[in-house]
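What follows is a short report on a single structure.
The values are calculated or read from the model by the stated rules, or taken from the named source; none is laboratory data. As the structure is a prediction and not an experimental result, all values here were calculated from the model. Don't worry about glycine lacking a Cβ; one is built from the backbone with ideal geometry, like all the others, and counts go over all protein chains shown.
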Amino acid sequence: MITRKEFGRRRKQLMRMMGKDTIAIIPTASELLRNRDVEFPFRADSDFYYLTGFHEPDAVAVLIPGRPHGEYLLFCRERDPEMETWTGKRAGTQGAVDDFDADDAFPIGDIDEILPGLMECCERVFYTMGSRPQFDQRVMEWLNRLREGARTGLRAPDEFVSLEHLLHDMRLYKSRSEIRVMRTAARVACRAHIRAMQSCRPEMSEFEVEAELLHEFRRAGMVPAYSSIVGGGANGCVLHYTENNAALQDGDLLLIDAGAEYDCYASDVTRTFPVNGRFSAAQKALYEVVLAAQTAAIKKVRSGNHWNAPHQAAVRVLTRGLVKLGILKGKPAELIRNEAYRRFYMHRTGHWLGMDVHDVGDYKVGGAWRELEPGMVLTVEPGLYIPAGSRGVAKKWWNIGIRIEDDVLVTSDEPDVLSKAAPRTVAEIEALMADATV
Ligand code: GLY
Ligand code: MN
Ligand code: MN
């Protein structure tokens with residue numbers, strides 16, 4: 001878990017970067033209606049949670065560096081014994097101060113009255129525009145109120161600055177405790193994948209296998225970091241398949257992309273294995289290509305390499321492999337140049353990973369691919385997808401969809417694969433599944 005001290009350090013660091021005469025306004029997510037009287041499980045806004053550790057809806061954090069009466073203010077719901085009977089305990093303003101280290105806290109209902117006054121003394125407002133339109137509107141109203149009051153001596157801030165530049169760069173570099181949390185999330189994801197491999201049988205449905213994943217997540221107190229993808233055969237070729245309701249066929253592969261979320265940090269892991277526990281010759285041949293591509297890409301996850309290096313390595317190995325198997329025809333260099341591989345490999349090799357599955361952080365800096373640095377975590381997830389009916393491709397390859405995805409930490413030395421506990425090679429997978437069937 002991330003400690004209160006670390007949340008405090010993050011706020012201090014952000015305030016140092018913001019400078020004097022500034023204010024940051026950071027609202028959390030709202031509760032979302034699923035259908036009549038039923039809400040989706042609440043998930044805090046990642047930026048807000050990163051700075052507060054506060055996991056209630058209807059809250060706004062305000063940071064005012066150097067303010068003598070308190071730099072960190074939290075607007076939140078008040079205690080309400082009657083409501084708490086229905087929806088559970090709230091921290092309330094006292095809890096915000098006592099348990100979440102706010103210098104001062106106010107009922108969220110008073111924000112319209114209080115916030116313009118706080119903005120008044122500041123020249124710059126740090127705020128993320130565009131992700132919560134209703135809240136954007138209110139921030140504008142507060143600003144306009146100050147502008148209108150200029151005649152009576154009120155002063156409106158001159159500048160709006162997007163908070164993301166500072167905050168998302170902080171989030172890109174993971175601290176030791178963040179890495180510990182992410183390693184735990186990845187370990188549970190691996191356990192889930194192992195359980196899926198052990199329990200999978202022909203004629204089971206995809207959702208039964210999904211239930212095995214959920215079992216491992218929930219028994220560790222975690223939730224899925226995103227909708228699990230459990231796709232057998234042709235469904236493995238659908239990149240964002242989440243229906244998970246088909247029967248698994250003997251002889252097909254099963255692609256599972258599932259990660260656990262722990263204390264708002266994600267893991268993101270994909271494994272592909274045969275429903276019956278044994279790869280066919282064609283499945284094995286393609287699997288080995290993807291595995292070699294992943295291994296080559298992971299090797300490139302080193303401090304000093306640029307962001308695109310793992311992708312380039314994966315594309316090289318995949319393209320050469322496809323040529324060798326007769327699925328692509330031509331010279332690899334040419335097929336890479338004209339991106340012929342994209343017919344079977346249409347996504348990129350990874351993304352930043354952190355509180356969000358597709359985490360924040362720029363991939364390019366000043367127009368060039370960013371250099372990898374210790375503390376960054378990314379996924380490495382090459383794949384090949386050959387749907388039925390692929391023209392010019394022998395039938396034996398049809399309906400094979402393979403992705404292998406791991407979570408990798410950049411260190412000052414070797415890449416550190418956080419999700420290495422889930423079997424990856426043909427031999428490891430077959431051995432695990434054979435053990436499970438005796
Ligand atoms: N699970 C989402 C992704 O792999 O990017
Ligand atoms: Mn991913
Ligand atoms: Mn994934």
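From the list Tyr341, Tyr345, the lone residue that is part of a loop (DSSP other than H, G, I, E, B), in contact (Cβ under 8 Å) with a residue 12 or more places away in the chain and out of contact with any Cys (no Cβ under 9 Å at 6 or more places or on another chain) is Tyr345.
For the range 161-176, the set of residues classified as surrounded by 15 or more Cβ atoms within 10 Å (Cβ to Cβ) and either more than 15 Å from Leu418 (Cβ to Cβ) or of a type outside the set (Lys, Arg) (or both) consists of Val161, Leu163, Glu164, Leu166, Leu167, His168, Met170, Arg171, Leu172, Tyr173, listed by residue number. Inspection of the range 8-16 identifies no residue that is touching a strand residue (DSSP E or B) at 6+ places or on another chain (Cβ under 7 Å), more than 27 Å from Ser177 (Cα to Cα) and buried (at least 18 other Cβ atoms within 10 Å of the Cβ).
Considering His306, His311, which residue is under 25 Å from Arg337 (Cβ atoms) and within 16 Å of ligand 2 (Cβ to nearest atom)? So that I can check it myself, show each step before the final result.
Values: His306 fails: within 16 Å of ligand 2 (Cβ to nearest atom).
Unique residue meeting the criteria: His311.
Among the strands (runs of 3 or more DSSP E) confined to the range 252-294, there are none with at least 1 residues that are at pLDDT below 95, within 16 Å of ligand 2 (Cβ to nearest atom) and in contact with a Leu (Cβ under 6 Å, 6 or more places away or on another chain). When the residues of the range 358-378 are narrowed to those that are crowded, with 17+ Cβ neighbours inside 10 Å and within 16 Å of ligand 2 (Cβ to nearest atom), which ends up farthest from Asp263 (Cα to Cα)? For the range 358-378, the residue satisfying everything is Gly361. Search the range 236-261 for residues being more than 20 Å from Trp398 (Cα to Cα) and away from ligand 3 (no atom under 16 Å from the Cβ), and hand back the single one that is surrounded by the most Cβ atoms within 10 Å (Cβ to Cβ). Per the stated criteria, the residue is Glu243. Looking at Gly326 and the list (1) over 25 Å from the mean Cα position of the chain (by Cα); (2) in contact (Cβ under 8 Å) with a residue 24 or more places away in the chain; (3) buried (at least 16 other Cβ atoms within 10 Å of the Cβ), which single condition is not satisfied? With respect to (1) over 25 Å from the mean Cα position of the chain (by Cα); (2) in contact (Cβ under 8 Å) with a residue 24 or more places away in the chain; (3) buried (at least 16 other Cβ atoms within 10 Å of the Cβ), Gly326 is out only on (3). All told, Leu418 meets the bar of being within 14 Å of ligand 2 (Cβ to nearest atom) and buried (at least 16 other Cβ atoms within 10 Å of the Cβ). Residue count for the range 197-209, restricted to those that are surrounded by 17 or more Cβ atoms within 10 Å (Cβ to Cβ) and without any contact (Cβ under 8 Å) to a residue 40 or more places away in the chain: 1. For first residues located in the range 229-258 and of a type in the set (Asp, Glu), partners that are surrounded by fewer than 21 Cβ atoms within 10 Å (Cβ to Cβ) and lie 6+ apart or on another chain with Cβ distances below 6 Å form the pairs Asp250/Pro202; Asp250/Asn276. Given the criteria surrounded by fewer than 18 Cβ atoms within 10 Å (Cβ to Cβ), closer than 24 Å to His240 by Cα and more than 21 Å from the chain's Cα centre (by Cα), does Glu339 qualify? So Glu339 fits the description; yes. Yes or no: the range 389-405 includes at least one residue that is within 16 Å of ligand 1 (Cβ to nearest atom), more than 17 Å from Gln283 (Cα to Cα) and touching a residue at least 40 places away in the same chain (Cβ under 8 Å). Yes: the range 389-405 contains one or more residues that are within 16 Å of ligand 1 (Cβ to nearest atom), more than 17 Å from Gln283 (Cα to Cα) and touching a residue at least 40 places away in the same chain (Cβ under 8 Å). In the set (1) of a type in the set (Asp, Glu); (2) within 16 Å of ligand 3 (Cβ to nearest atom); (3) over 20 Å from the mean Cα position of the chain (by Cα), the condition left unmet by Glu334 is number (2). Note on the range 136-249: enclosed helices (runs of 4 or more DSSP H) holding 3 or more residues that are within 30 Å of Ile402 (Cα to Cα) are 176-199, 206-219. Given (1) away from ligand 3 (no atom under 16 Å from the Cβ); (2) aliphatic (A, V, I, L, M); (3) under 15 Å from Met346 (Cβ atoms); (4) within 23 Å of the chain's Cα centre (by Cα), identify the lone condition not met by Ile402. All conditions are met except number (1).
Go through the range 92-111 and give me each residue that's buried (at least 18 other Cβ atoms within 10 Å of the Cβ), part of a loop (DSSP other than H, G, I, E, B) and touching a Lys or Arg at 6+ places or on another chain (Cβ under 8 Å). Answer for the range 92-111, where residues must be buried (at least 18 other Cβ atoms within 10 Å of the Cβ), part of a loop (DSSP other than H, G, I, E, B) and touching a Lys or Arg at 6+ places or on another chain (Cβ under 8 Å): just Phe100. Checked against the criteria, Ile114 does not count as in contact with a Cys (Cβ under 9 Å, 6 or more places away or on another chain) and surrounded by fewer than 20 Cβ atoms within 10 Å (Cβ to Cβ). Do we have any residue at all in the range 297-306 that's crowded, with 22+ Cβ neighbours inside 10 Å, away from ligand 3 (no atom under 16 Å from the Cβ) and outside any loop (DSSP other than H, G, I, E, B)? Scanning the range 297-306 turns up no residue that is crowded, with 22+ Cβ neighbours inside 10 Å, away from ligand 3 (no atom under 16 Å from the Cβ) and outside any loop (DSSP other than H, G, I, E, B).
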